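A.B. asks: Sending over a structure as structure tokens; questions will come in a sec.
The values are calculated or read from the model by the stated rules, or taken from the named source; none is laboratory data. Fair warning: this is a prediction, and the values are worked out from it, not measured in the lab. Please note: Cβ atoms are built from the backbone with ideal geometry, for glycine as well, and neighbour counts cover all protein chains shown. To get the accessible areas, we keep the full protein, side chains included, count just its heavy atoms, and leave off ligands, DNA and RNA. Shrake-Rupley method; radii C 1.70, N 1.55, O 1.52, S 1.80 Å.
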Amino acid sequence: MRIGDQMALQVYEYSIGLDTKDPSANLNFVSHAHSDHTSAIRKNSVTLCSQITKELVEVRSRYSINMAPKPRGVSLLSSGHMLGSKQLYVESQVHGCSIVYTGDYQMQKSFACEPIEIKKADVLMMDSTYPYANIVFDDRQEVVTSIQRYIKYKGMQGCVVFGAYSMGKAQELIGICNDAGIDPVVDAKVARMTEVYNRNGFSLKFQEAENMEGHFDSSVMIVTMGKLDEARMLAAHENKRVFTAVATGFAKMQKFSTDVQFALSDHADLRQAMEYVEQAGPKIIYTYGSNSGTMAMNLRAHGYKAIPFNVKSEMAGYQLSTLKD
Ligand SMILES: [Zn+2]
């Protein structure tokens, strides 16, 4: 087993691509169903993912996934990011070490996802979405409570319209609304994906609307991200009041052109990343993603041995067998 330089792991006879289109890979691991992670699914190739990820991708994209059997030594652990999201965990008796690739992960329990599972690993390949020390997510339950207060209060004055990813965040928002005694109106795409959740053990309650017209008397509407301008226009045309909203971790970093923004993230912040590291106890951490350099630097500042995965010169020739001591 070795780490390749194209986000692939060599495991016995398999070269496993990690959420990327690696031409050398003969097996593609897809950690979850968000579209920025599914480009590795290729025609005539085999994919390693959870059954639920397969179902979500097939419902959204209307093509079928050719599932691969799990190679020996490989297991999938929940990553806590969205329904069906998995980390890739590899144990090699040959090399006497273990490695985990997190994919997108979240340490706090969400309304619409299994909690994360963390196992001890010698090597940790870690997502770096939020590497900054000054980005600290609030306690999730506090964020949920402020969302519920807002929708109850503003929902009496007009319609609160959330723009959300149709998978993951939309279902969490439906769960938050249901918990506050509200069944939100959702668009057809959100409804289609929520039905997959309900086929897999959830009981999310919603009303489906083919389009938004005529539904602004409801207290909450959840639509696919990008439809908020349309919602404003339609509501103005119907002379109805709307309050636009987003719920995303990026609310800690930027101002959205909405009436309100909630910092509800499906990713870990730096503090949570260090919690993960403490539990997994790796001998080395490879950070990956566009913020991998900052994440590695900040982890090193806290005493962890971390290297950005995209620095090929540092990776060249690195053998996991060196980790034995
Ligand atoms: Zn994701």
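A.B. asks: Just add up the charged neighbours of ARG199: K/R +1, D/E -1, any other residue whose Cβ is under 15 Å from the Cβ of ARG199.
C.D. replies: +1
A.B. asks: If you don't mind, there's one more thing I want to ask. Assign unit charges at the C-beta atoms only (+1 for Lys and Arg, -1 for Asp and Glu), then state the dipole size of the chain relative to its Cα centre in Debye, rounded to the nearest 20.
C.D. replies: Dipole of the chain, to the nearest 20 debye: 380 debye.
A.B. asks: Solvent-accessible area per residue for the chain at a 1.4 Å probe radius, Å²?
C.D. replies: 43
A.B. asks: Provide LYS169, LYS240 ordered by accessible surface of protein heavy atoms (probe 1.4 Å), highest first.
C.D. replies: Ranked from most to least accessible, the order is LYS240, LYS169.
A.B. asks: Also, I was wondering about something else. From the phi angles alone, apply the Karplus equation (6.51, -1.76, 1.60; θ = phi - 60°) to the stretch 19-30 and give each ³J(HN,Hα) in whole Hz, x where the residue is Gly or Pro.
C.D. replies: 6, 9, 7, 9, x, 7, 6, 10, 8, 10, 8, 10
A.B. asks: Would you mind computing the Rg to Rh ratio of the stretch 162-274 from its alpha-carbon coordinates, Kirkwood style for Rh?
C.D. replies: The Rg/Rh ratio comes out at 0.99.
A.B. asks: Let me ask you something else. Run down the aspartates and glutamates and flag those whose C-alpha is under 18 Å from the C-alpha of LYS227, throwing out any fewer than 8 positions away in its chain.
C.D. replies: Those aspartates and glutamates meeting the cut-off are ASP187, GLU208, GLU210, GLU213, ASP217, GLU238, ASP259.
A.B. asks: Same structure, new question: Mind pulling the angle between the C-alpha long axis of helix 51-61 and the longest principal axis of the chain? Nearest 10 degrees, somewhere in 0 to 90.
C.D. replies: Value to nearest ten degrees: 50.
A.B. asks: Right, here's the next one. Rounded to whole Å and sorted largest first, what semi-axes of the equivalent ellipsoid does the C-alpha gyration tensor of the chain yield via the square root of 5 times each eigenvalue?
C.D. replies: They are 38, 22, 16 Å, listed largest first.
A.B. asks: Something else: Report, to the nearest 10°, how far helix 228-237 tilts away from the longest principal axis of the Cα atoms in the chain, using its own Cα long axis and a range of 0 to 90°.
C.D. replies: 0
A.B. asks: Can you flag which of LYS189/LYS240; LYS70/LYS252; LYS54/LYS252; LYS21/LYS70 are past 28 Å Cα-Cα?
C.D. replies: LYS70/LYS252; LYS54/LYS252
A.B. asks: Given Cα pairs under 8 Å that are at least 6 residues apart, what percent is the relative contact order of the stretch 159-299?
C.D. replies: 25
A.B. asks: Let me ask something additional. What is the antiparallel percent of DSSP beta bridges lying wholly in the stretch 1-124, to the nearest 5?
C.D. replies: Bridges in the stretch 1-124 are about 65 percent antiparallel.
A.B. asks: Mean separation of Cα pairs under 8 Å and 6+ residues apart, divided by the residue count of the chain: what relative contact order is that in percent?
C.D. replies: Across the chain, relative contact order equals 17 percent.
A.B. asks: Report, as a whole number in µm² per second, the diffusion coefficient that Stokes-Einstein gives for the stretch 34-124 at 4 °C and 1.567 mPa s using the Kirkwood radius over alpha carbon pairs.
C.D. replies: D, rounded to a whole number, is 92 µm²/s.
A.B. asks: Ordering HIS302, HIS267 by accessible area with a probe of 1.4 Å, largest first, what comes out?
C.D. replies: Highest to lowest solvent-accessible surface, that is HIS302, HIS267.
A.B. asks: So, with +1 on the Cβ of K and R and -1 on the Cβ of D and E, and no other charges, what is the size of the charge dipole of the stretch 75-145 about its Cα centre, to the nearest 20 debye?
C.D. replies: Magnitude of the dipole: close to 140 debye.
A.B. asks: Same structure, new question: Working from Cα positions, state the angle (0 to 90°, nearest 10) between the long axis of helix 188-199 and the longest principal axis of the chain.
C.D. replies: For helix 188-199, the angle is close to 60 degrees.
A.B. asks: Which cross-chain or sequence-distant (5 or more) residues have an amide H under 5 Å from the amide H of THR244, H modelled 1.01 Å from N in plane?
C.D. replies: The answer is VAL161, ASP259, VAL260.
A.B. asks: Something else: Please report the orientation-averaged projected area of the stretch 1-152, defined via the convex hull of its C-alpha atoms, in nm².
C.D. replies: If I average the Cα hull's projected area over directions, I get 10.7 nm².
A.B. asks: Of all beta bridges DSSP finds with both residues in the chain, what is the antiparallel percent, to the nearest 5?
C.D. replies: 30
A.B. asks: Based solely on its DSSP helices, what 222 nm [θ] is calculated for the chain when runs of n ≥ 4 H residues each add -39,500 (n - 2.57) and the sum is averaged over all residues, nearest 500 deg cm²/dmol?
C.D. replies: -7500 deg cm²/dmol
A.B. asks: Under a cut-off of 16 Å between alpha-carbon atoms, report the lysines in cross-link reach of LYS119, not counting same-chain residues fewer than 8 places apart.
C.D. replies: LYS86, LYS283
A.B. asks: Which one of MET297, GLY73, GLY96 has its Cα pushed farthest toward the positive end of the charge dipole of the chain, where Lys and Arg give +1 and Asp and Glu give -1 at the Cβ?
C.D. replies: The residue sitting most towards the positive pole is GLY96.
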